[in-house]
Amino acid sequence: MKKVKIGVLGAGRGKTMMKYCLHSQNAELVAVCDFYEPFLEDLKKMNEKENEEMAKGITYYTDFEEFIKHDMDAVVLANFANEHAPYAVRCMKEGKHVMSEVLAFQNVKEAVDLIEAVEETGKIYAYAENYCYMPAPREMRRLKLEGKLGKIEYAEGEYLHNCEPIWDRITYGLPEHWRNKMSGLYYCTHSIGPMIHIAGERPVKVSGFEVAYNDRCARMGALGSPIGLAIITLENGAVLKSVHGVGPYTNSVWYSVYGSDGRAESAREATDKGIDTLYLMCDDAPYEGNIKYRPTEKLSAKAASAGHGGSDFYTMYFFCEKILGDEEAEIVDVYEATDMMLAGLFAYRSCLNNNASMEIPNLRLKSERDKWRNDTATWDENFAGDMLQPSYSESNPEVPDEVYEYWRKKWADSYGQDRKYRY
Ligand SMILES: NC(=O)c1ccc[n+]([C@@H]2O[C@H](COP(=O)([O-])OP(=O)(O)OC[C@H]3O[C@@H](n4cnc5c(N)ncnc54)[C@H](O)[C@@H]3O)[C@@H](O)[C@H]2O)c1
């Protein structure tokens, strides 16, 4: 079987995609890039351990400009979450297919650039919103497509992650890190994404809310609200409630979908500890009644050992299958990714406007794009131009330097290195 030659940018989360390649039948890892050299040293050891033979063929880069010249079919972007779109555009223009980690872009200008690059180059763009492929939301989508749930009328999605215990590992104590600077509504697609993937409808308007800044975020040095909430209306009139954040007391990944003919709900973490369990009520055979089950399908066994409830397998598998010519491969394409993202970005605009309802632009329409192609509004001063937003709607909290010093020391003590931002 032909294998897709993959290069991975980013050696943190990127390890997941590398491991996929090292054990898969449709992908081969040929290049890796990270400008933080100590990570590359760790990677070399990992790759040799996972697949000694394939590891011999991997080239390691610290410079993206050198990496992009490598002979490869596709690039997986696992670099900083707010820098994906410019790299995706660049890679596609260099003739590579792209799979982008979350998030797809950080302002509406980048959304327009990304969509137009996909259309102009004809390259495959897949958005790696892995939560769509967790067992329960994946089964909900299957039931919806089978007609068992009827018309989707309402859904709820939660991605709550108390990141305080791991903040040193994921920010290295750097005040500039995107996880410290992002707004509370930015990291939105783990909660919104699966609902949109299941409903298959475009979001048309949204209202956003921020939970008040809390002591946990102050201890972490995260500037955004601990929990963001978005109430989204879809084109068919369905309403979605999305809740997500890095600063709640505890964790929850949970989805519930109400259709005209049934309701499907994943297990509450507090009761069943599982996104792999579904509670279903519907009228249709063979599911009639009120049942609880662990959904499986033909790829479940292959996905079983992958991270995030197996979902990390599907993003890479479908991306590679699509490149290899399977038109039906279930990727999240650039338009669907845009739907998931814009709902969060406009929810934050709503927070900045006293929770007013915001219309979400339809960037599938070329006629709508001109209005947005210079809209650089974001919380990151490196990308915002003269449209800088605060990270928290009421204005950025003051964080003393000692907070970041604490996390920096903690990371340096555990990793044995003191990391600076750019290399
Ligand atoms: N889908 C999921 O479940 C999931 C889980 C964790 C992280 N992520 C995503 O993965 C991405 C990476 O997150 P992370 O946890 O590894 O943390 P991170 O964002 O700190 O890591 C990014 C890595 O990329 C490297 N990098 C960034 N820009 C680079 C460039 N231009 N050239 C070379 N190297 C560069 C950095 O040195 C760093 O090692 C983010 O987009 C994040 O949202 C997704």
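We did not get these values from a lab; they are worked out from the coordinates using the rules stated. In this text the structure is predicted, and so the values were computed from the model without any measurement. Because the Cβ atoms are built from the backbone with ideal geometry, glycine has one as well, and the counts that use them run over all protein chains shown.
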Over the range 4-130, what is the relative contact order in whole percent, taking alpha-carbon pairs under 8 Å and six or more residues apart? 24
Would you mind counting up the charge near Glu48? Only other residues with Cβ under 12 Å from its Cβ, with Lys and Arg at +1 and Asp and Glu at -1. -1
Below 18 Å, Cα to Cα, which lysines can Lys151 reach? Residues fewer than 8 away in the same chain don't count. Lys241
With N denoting the number of residues in the range 230-345, provide Rg(C-alpha) divided by 2.2 N^0.38 Å, to two decimal places. 1.23
In Å, what is the Rg of the alpha-carbon atoms in the range 1-87, and how long is Dmax? 11.9, 35
State whether the range 39-135 is rounded, prolate or oblate according to the following rule on the C-alpha gyration tensor (a ≥ b ≥ c being the square roots of its eigenvalues): a/c under 1.5 gives rounded; otherwise a/b larger than b/c gives prolate, and the remaining case gives oblate. prolate
Out of the DSSP beta bridges found with both residues in the chain, what percent are antiparallel (nearest 5)? 55
Expressed in nanometres to one decimal, the distance between label points 7 Å along Cα→Cβ at Leu299 and Tyr415 is 3.2
If unit charges are put on Cβ atoms (+1 for Lys and Arg, -1 for Asp and Glu) and the dipole of the chain is taken about its Cα centre, the option from Met340, Pro400, Phe319 lying farthest towards the positive end turns out to be Phe319
Under a plain spin-label model, where a point goes 7 Å from the Cα along Cα-to-Cβ, how far apart in nm are Asn382 and Asp370? 3.3
Rounded to the nearest 0.05, what FRET efficiency do Glu48 and Lys69 have when you use their Cβ-Cβ distance and R0 = 25 Å? 0.55
With r as the distance between the Cβ atoms of Ala212 and Glu120 and R0 = 56 Å, compute the FRET efficiency 1/(1 + (r/R0)^6) and round to 0.05. 0.80
Ascending count of other beta-carbon atoms within 10 Å, so fewest first, for Ser393, Ser260, Ser183, Ser300: Ser260, Ser300, Ser393, Ser183
In the chain, if the dipole is taken from +1 on Lys/Arg beta carbons and -1 on Asp/Glu beta carbons about the Cα centre, which of Ser207, Ser305, Met182 is farthest to the positive end? Ser305
If Rh is defined by the Kirkwood formula over all Cα pairs and Rg also comes from Cα, what ratio Rg/Rh do you get for the chain? 0.95
Among Trp167, Gly221, Asn251, whose Cα lies farthest out toward the positive end of the dipole of the chain, if unit charges sit on the beta carbon of Lys, Arg (+1) and Asp, Glu (-1)? Asn251
Dipole size in debye (nearest 20) for the chain around its Cα centre, Lys and Arg Cβ +1, Asp and Glu Cβ -1? 440
Starting from 0.36 nm per residue, how many nanometres of slack lie between Thr250 and Glu328 once their C-alpha separation is accounted for? 24.3 nm
Determine, from the Cβ-Cβ distance of Ser357 and Arg169 and an R0 of 45 Å, the FRET efficiency 1/(1 + (r/R0)^6), rounded to the nearest 0.05. 0.75
Tell me, what is a quarter of the convex hull surface for the C-alpha atoms of the range 322-423, in nm² with one decimal? 11.7
Calculate the dipole size of the range 4-130 relative to its Cα centre from +1 charges on Lys and Arg beta carbons and -1 charges on Asp and Glu beta carbons; express the result in debye to the nearest 20. 220
May I have the pair-distance distribution P(r) for the range 292-364, computed from all Cα-Cα distances with 5 Å bins from 0 and rounded to whole percent? 3, 13, 15, 15, 14, 12, 11, 11, 5, 1
